[in-house]
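Everything on this sheet refers to the single structure shown next.
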Amino acid sequence: MPDRILTNRELELMVDTNDEWIITRTGIRERRICDPEWATSDLALLAAEKAIKNAGIAAADLDLILVATVTPDMLFPSTACLLQGRLGANKAAAFDISAGCTGFIYALAVADRFLLAGGHRYILVVGAETLSRITDYTDRNTCVLFGDGAGAVVLGRGDGTNGILSTYLGADGSAESLLYLPAGGSRMPASHRTVDDHLHYVRMQGNEVFRYAVNAIPECVKQVLEPAGLSIDEVDHFIFHQANIRILQTAAKRMGIPWDKMIVNIERYGNMSAASIPLAIAEAVDDGVIHPGQLLVMVGFGAGMTMGSALVRWGR
Ligand code: UT7
């Protein structure tokens, strides 16, 4: 996490908003923001180094590096390649995954398939974002929501009892206009006009995305639990993308998930897109909330629109 904290009180001085609205409508009290000279690969590097150390391997042991992000350092090369170079992971192939806030789940599913196919021993999966770089701090509809951060995991081949038990991925490209960044790509290359019109910032139809999310989460949970013959009662922790506390509450209520099974940290970090799930896991593991042998269900949803889930038995 970057050290710099941006509070609701500070946002009150920037746009027409207030602490009470932000807390009651989103559950967010503060978020982390990178210093200007930092980029996504810098955060990714910190998270990756910790994950590699915890896994007890060396960067040179990695066969593949996947970085899920919507805020790459640049259009190309990929942030995964920049990370590979800085880690000195010379053996590893590297590429980015763009699936909005579902990016980490998409990357987990891809890594899982690579491991199952054989030939790969260790894969680094990172969710890293500097959303502050694409946030319009004159737009109260979006600027109160987003924060910067990164989380990482190392996946290795297991014996089939622990680790990723199943994944589910979905997309609805017809809903692309609900959440997008208009300029900077081939459709609308950067120009004086795109800068003047604030087109390099995220655009979101909040209400529609909210509706999409509360329908997507139960579907995603069902898609990984049903094939495994498991029920909600048998899951120890639910780690959903941290976009809005009301989305988490609505989804938990609809599915009858007791609130104490929900891993929630949105209050302190806001929405960190692809970084939110791995960071929530890292904190819960560090705090002794997640234990080896426990069953976890992770769910992501976001730009695309995309959705995805993973059923995991925590290894160590
Ligand atoms: O990461 C995945 C993608 N993102 C999400 O999942 C986000 C999903 N959506 C949301 O979290 C919510 O829709 C928001 C938090 C973005 C907005 O909350 P809402 O309860 O849906 O508010 P709203 O957009 O319906 O706006 C209600 C009112 C409006 O005023 P009027 O038109 O009723 O007078 C807004 O202008 O609240 C106003 N408003 C604000 N007021 C104070 C919107 N933003 C703010 C603000 N401070 N920051």
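Would you check if V285 is more than 15 Å from the chain's Cα centre (by Cα) and not assigned by TED's automatic domain parsing to the domain that holds A44? Judged against the criteria, V285 is a match. For the range 233-248, a residue qualifies if it is surrounded by fewer than 17 Cβ atoms within 10 Å (Cβ to Cβ) and more than 10 Å from the ligand (Cβ to nearest atom), and the qualifying residues are D233, E234, D236.
Taking residues in the range 161-177 that are aliphatic (A, V, I, L, M), and partners anywhere that are surrounded by fewer than 19 Cβ atoms within 10 Å (Cβ to Cβ), the pairs with Cβ atoms closer than 7 Å and at least 6 places apart or on different chains are L165/A228; L165/R313. Scanning the range 180-232 for residues that are more than 21 Å from the chain's Cα centre (by Cα) and β-branched (V, I, T), we see that the one that is surrounded by the most Cβ atoms within 10 Å (Cβ to Cβ) is I232. For D148, the stated conditions hold: it is buried (at least 21 other Cβ atoms within 10 Å of the Cβ) and acidic (D, E). Going through the range 14-41 one residue at a time, which ones are surrounded by fewer than 17 Cβ atoms within 10 Å (Cβ to Cβ), within 13 Å of the ligand (Cβ to nearest atom) and part of a loop (DSSP other than H, G, I, E, B)? Scanning the range 14-41 gives M14, V15, D16, N18.
For I52, are the conditions met, namely being modelled with pLDDT of 95 or more, assigned to a strand (DSSP E or B) and surrounded by 17 or more Cβ atoms within 10 Å (Cβ to Cβ)? Taking the combined requirement at face value, the residue does not satisfy it. Residues in the range 265-307 that are away from the ligand (no atom under 16 Å from the Cβ), within 17 Å of E30 (Cα to Cα) and free of Cβ contacts under 8 Å to residues at least 24 places away in the same chain: E283 alone.
Of the residues making up the range 118-144, those that are under 23 Å from D42 (Cβ atoms), surrounded by 24 or more Cβ atoms within 10 Å (Cβ to Cβ) and within 11 Å of the ligand (Cβ to nearest atom) are E129, L131.
Scanning the range 206-232 for residues that are acidic (D, E) and within 16 Å of the ligand (Cβ to nearest atom) turns up E208, E219.
For every residue, the table says whether it meets (1) at pLDDT below 95; (2) touching a helix residue (DSSP H, G or I) at 6+ places or on another chain (Cβ under 8 Å); (3) on the phi > 0 side of the Ramachandran plot.
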| position | (1), (2), (3) |
| --- | --- |
| I134 | no, no, no |
| A150 | no, yes, no |
| G156 | no, yes, no |
| G160 | yes, no, yes |
| G173 | no, no, no |
| A183 | no, yes, no |
| M204 | no, yes, no |
| A213 | no, yes, no |
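Within the range 154-172, is there a residue that is closer than 30 Å to E20 by Cα and crowded, with 17+ Cβ neighbours inside 10 Å? Checked against the condition, which is being closer than 30 Å to E20 by Cα and crowded, with 17+ Cβ neighbours inside 10 Å, the range 154-172 yields no hits at all. Within the range 197-227, the set of residues being in contact with a Leu (Cβ under 6 Å, 6 or more places away or on another chain) and more than 12 Å from M307 (Cα to Cα) comprises V202, M204, Q205, E208, V224.
The values are calculated or read from the model by the stated rules, or taken from the named source; none is laboratory data. Owing to the predicted nature of the structure, the values given are computational and were not obtained by experimental measurement. Heads up, the Cβs are rebuilt from the backbone with ideal geometry, glycines too, and the neighbour counts pull from every protein chain shown.
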